[in-house]
Number of protein chains: 4
Amino acid sequence: MAAVKIVVDVMLKPEILDPQGQAVATALPSLGFPAPTSLRVGKHVELELEADDEAAALAQAERMAEVLLANPVIEDYRVRLA
Amino acid sequence: MAAVKIVVDVMLKPEILDPQGQAVATALPSLGFPAPTSLRVGKHVELELEADDEAAALAQAERMAEVLLANPVIEDYRVRLA
Amino acid sequence: MAAVKIVVDVMLKPEILDPQGQAVATALPSLGFPAPTSLRVGKHVELELEADDEAAALAQAERMAEVLLANPVIEDYRVRLA
Amino acid sequence: MAAVKIVVDVMLKPEILDPQGQAVATALPSLGFPAPTSLRVGKHVELELEADDEAAALAQAERMAEVLLANPVIEDYRVRLA
């Protein structure tokens with residue numbers, strides 16, 4: 001068994017409005033920054049799993065994302081090694 | 001000017017308890033998953049900036065993170081090219 | 001003009017799965033609590049507005065919720081005096 | 001046993017900077033709204049518990065908030081009947 005560090009990023013699907021990201025994007029020019037072309041805010045999950053190998057850990061994290069970390073109807077997720 | 005895609009990940013500092021991550025970690029075994037060794041939840045920001053070059057865009061995103069994306073007292077952030 | 005304290009609560013619509021709430025609900029029995037019948041997690045915004053009166057402040061907060069605090073496609077919100 | 005609906009609101013402590021609230025507050029004037037005097041964003045949890053009575057349900061939700069819903073070092077919470 002190996003300890004495998006994994007990252008799961010969860011974002012609202014591109015066609016779904018992101019009010020939190022919009023607030024940040026709109027606020028930046030008022031604070032002296034140039035306006036970003038786009039800006040969206042999602043979730044970033046860092047986890048460590050005990051698994052046979054990296055492939056097994058990634059497969060497990062993929063299922064965790066599907067079942068508990070994201071809402072697949074409105075969100076996309078990406079799973080990768082940390 | 002170039003369009004530069006950047007990612008900013010914001011996490012609670014390691015010494016600060018993360019109840020959302022704790023809830024997810026505790027829930028996973030009840031759903032048939034092995035318990036993760038650790039699991040923490042933060043924010044993931046994807047933005048696109050018009051800047052002279054990648055270095056300038058990264059420097060700008062670094063200041064945005066310091067000023068508006070994170071609370072440096074309780075959170076750490078990492079800025080990188082997407 | 002009066003300073004009016006207002007609360008805006010933003011929840012995912014009932015028909016949309018809430019993975020964060022599900023994680024908390026699933027974790028509670030593992031921590032010795034009875035399982036809740038239901039549990040959902042949303043956003044709670046506390047703001048103070050200068051307005052002519054409470055009705056004007058509430059009307060303004062209602063529009064802020066529609067435009068920036070919530071995503072009306074996937075979220076419901078409620079505006080009230082604090 | 002009775003089904004009791006409870007609300008738990010979780011906010012960063014007043015002395016802790018809230019970047020998400022700051023982004024929203026700063027964005028509002030750019031969208032044609034007056035600037036709020038203050039604006040902070042927290043979590044809003046709606047749950048339903050089976051308990052002997054309302055007092056028992058409230059006591060239980062109070063402990064859930066302490067243990068899993070909030071981080072008492074950086075957040076305050078309020079528990080009330082829905």
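Numbers for the structure displayed
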read-out	value
Residue B:73 versus residue C:37: modelled label distance in nm, points set 7 Å from Cα along the beta carbon direction	4.0
Segment D:67-79 - phi-based ³J(HN,Hα) in whole Hz, Karplus 6.51/-1.76/1.60, Gly and Pro as x	8, 10, 7, 10, 9, x, 6, 10, 10, 9, 9, 10, 10
Net charge of Cβ neighbours under 9 Å - reference residue C:13; Lys, Arg +1; Asp, Glu -1	-3
Translational diffusion coefficient (Stokes-Einstein; Kirkwood radius from C-alpha pairs) of chain B at 25 °C, 0.890 mPa s, in µm²/s	172
Position residue D:17, label points 7 Å along Cα→Cβ, spacing to each other copy in nm (shortest first, one decimal)	2.5, 3.0, 3.7
Chain B, rotation onto D, residue closest to that axis via Cβ, with its distance in Å	B:74, 3
Degrees, to the nearest 10: B:19-30 long Cα axis against longest axis of chain B	50
Degrees between helix C:54-64 axis and first principal axis of chain C (Cα, 0 to 90, nearest 10)	60
Inter-copy spacing of residue B:3 label points, which lie 7 Å from Cα along Cα→Cβ, given in nm from shortest upward	4.2, 4.5, 5.0
Under the Debye formula (equal points on every Cα, no solvent term), log10 I(q)/I(0) of the protein assembly as shown at q = 0.11 Å⁻¹	-0.73
Relative contact order %, chain B, counting alpha carbon pairs below 8 Å whose residues are six or more apart	51
Label geometry 7 Å along the beta-carbon vector: residue D:73 inter-copy distances in nm	1.4, 3.7, 3.9
Surface share of carbon and sulfur [accessible, 1.4 angstrom probe, percent] for segment A:14-55	52
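The values are calculated or read from the model by the stated rules, or taken from the named source; none is laboratory data. In this text the structure is predicted, and so the values were computed from the model without any measurement. Please note: Cβ atoms are built from the backbone with ideal geometry, for glycine as well, and neighbour counts cover all protein chains shown. All accessible areas refer to the heavy atoms of the entire protein, side chains included, with ligands and DNA or RNA removed. Shrake-Rupley method; radii C 1.70, N 1.55, O 1.52, S 1.80 Å.
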